[in-house]
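Participant: One structure, as structure tokens, below. Some questions next.
Rule-based calculations on the coordinates, nothing more; no lab input. Source: prediction; values computed, not measured. Note that each Cβ is placed from the backbone with ideal geometry, even for glycine, and that neighbours are counted across all protein chains shown.
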Amino acid sequence: MERGNTPISIKVLLVDDDEGMLKALARILRDEKYQLLTALNGQEALNILGQHRVQILVADFMMPEMSGLELLKIVKTLYPDVVRLMLTAQTDVELLMPAIQTGDIQNYMTKPWDTEALKATLRMYLNDPAM
């Protein structure tokens with residue numbers, strides 16, 4: 001995927017078991033400067049990670065079979081350079097605090113999301129000199 005003459009090399013993987021949610025995220029992020037990949041579950045996300053160099057992964061918290069937290073713990077081990085963000089409808093931050101403290105999650109955003117805050121969070125990690 002290219003925009004103008006500049007190739008897009010930054011890949012963001014969105015993971016949510018709700019296809020409508022993935023489409024909504026992709027729609028609001030379509031004008032940003034990265035390539036979007038999507039997965040409907042944790043195993044599909046791991047398969048994509050094995051095939052693509054992904055810089056940022058945004059995972060839904062509550063998914064069947066493999067929760068977003070379980071996925072991000074695996075990603076931390078297998079792909080430690082991938083920025084791991086949680087998207088959650090959960091308002092209880094205490095539930096996420098242990099994962100944030102151990103580095104399994106680097107940041108989280110709540111559903112429903114604020115579009116500009118979501119974009120700003122992703123941009124913050126894209127501007128990281130380590131990327």
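Participant: If we restrict to alpha carbons, what Rg and Dmax does the chain come to, in Å?
Facilitator: Just the Cα atoms of the chain yield Rg and Dmax of 13.8, 45 Å.
Participant: Contact order normalised by length for the chain, with contacts defined as Cα pairs under 8 Å and 6 or more residues apart; what percent is it?
Facilitator: RCO, the chain: 20 percent.
Participant: As an exercise, use a Förster radius of 30 Å and the Cβ-Cβ distance of Asp114 and Glu19 to find the FRET efficiency, rounded to the nearest 0.05.
Facilitator: The computed FRET efficiency comes out at 0.85.
Participant: Only bridges with both residues in the chain count here: give the DSSP antiparallel percent, nearest 5.
Facilitator: Beta bridges within the chain, antiparallel portion: roughly 10 percent.
Participant: Once you've got the Cα coordinates, tell me which of Lys11/Lys119; Lys76/Lys111; Lys33/Lys76; Lys11/Lys33 are over 20 Å apart.
Facilitator: The pairs that break the limit, which is 20 Å between Cα atoms, are Lys76/Lys111; Lys33/Lys76.
Participant: Can you give the local net charge around Gly68? Use residues other than it whose beta-carbon is closer than 11 angstrom to its beta-carbon, Lys and Arg +1, Asp and Glu -1.
Facilitator: Summing Lys/Arg as +1 and Asp/Glu as -1 gives -3.
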